[in-house]
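Peer 1: Here it is: the structure, laid out below.
The values are calculated or read from the model by the stated rules, or taken from the named source; none is laboratory data. What you see is a predicted model, and the numbers here were worked out from it, not measured in a lab. Here the Cβ positions follow ideal geometry from the backbone for every residue, glycine too, while neighbour counts run over all protein chains shown.
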Amino acid sequence: MIDEIQTVARELPPESTQQAVGYPTLFLLVALGSLVPVVPTGALVSSAAVVALHQTSPFALLFVFVVASAAAFLGDVCLYWLGQRGVRSKNGSRWLEAITRRAAPERLAQAQAKLDERGGTVLVLSRLMPAGRIPVMLACLLGRMPLRRFARGDVPACLAWAATYQLIGILGGSLFPEPWQGVVAAVALTLLISGAPAVWRRLRARLGDGTGGAAA
């Protein structure tokens with residue numbers, strides 16, 4: 001299996017072709033992942049950063065950062081605009097329903113409390129926290145935050161998000177001589193970071209249930 005991966009890596013197209021195809025693909029996938037939160041966009045950015053790190057162009061990493069942050073911002077703004085239409089409509093919308101389904105009630109309550117405390121700055125933290133973006137976005141929608149104000153807060157959030165996952169990719173790419181090795185390491189680290197909070201919450205819930213059962 002490893003030999004096959006190495007063979008494919010050696011047969012990759014030249015850098016100019018990789019960039020011509022890679023940047024638009026990265027933009028589309030990150031924008032789609034921001035609009036439909038099922039694509040692991042962080043892993044995509046980290047993988048692109050690994051590939052850029054091993055390229056000769058001095059601006060490759062900068063292009064990845066610009067493309068990823070711009071695509072994330074576009075996806076966020078489009079999703080928020082669609083959610084606003086659902087809030088204003090008497091019958092709601094499927095986009096608002098989809099956002100609501102992905103926000104647990106307790107996470108939504110926490111997001112609303114933080115939004116009341118810190119205002120738009122909580123958007124930056126929500127972008128960096130795994131599964132934190134949707135509850136905060138829903139809290140902004142229910143709080144009737146204007147789209148312009150949301151967009152202003154989302155700009156630094158998307159920049160910080162792109163920089164964070166790009167640093168993860170640079171770290172993974174620096175540890176290994178081959179790009180595919182760095183990609184595997186970066187994706188594994190990204191998925192570990194993304195999945196750790198959910199695993200911790202489930203573990204706490206099980207421990208809590210066990211404690212409650214023992215006490216009963």
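Peer 1: LEU167 passes all but one of (1) at pLDDT 90 or above; (2) over 17 Å from the mean Cα position of the chain (by Cα); which number fails?
Peer 2: Going through (1) at pLDDT 90 or above; (2) over 17 Å from the mean Cα position of the chain (by Cα) one by one, LEU167 breaks only (2).
Peer 1: Just checking: which of the helices (runs of 4 or more DSSP H) contained wholly in segment 1-105 hold 1 or more residues that are touching a helix residue (DSSP H, G or I) at 6+ places or on another chain (Cβ under 8 Å), at pLDDT below 70 and not acidic (Asp, Glu)?
Peer 2: 2-10, 15-35, 94-101
Peer 1: May I ask you to list pairs of residues, at least six apart or on different chains, whose Cβ atoms are under 8 Å apart, with the first in segment 131-150 being in contact (Cβ under 8 Å) with a residue 12 or more places away in the chain and among the basic types (Lys, Arg) and the second being part of a helix (DSSP H, G or I) and surrounded by 21 or more Cβ atoms within 10 Å (Cβ to Cβ)?
Peer 2: Matching pairs, first to second residue: ARG133/ASP76; ARG133/SER126; ARG133/ARG127.
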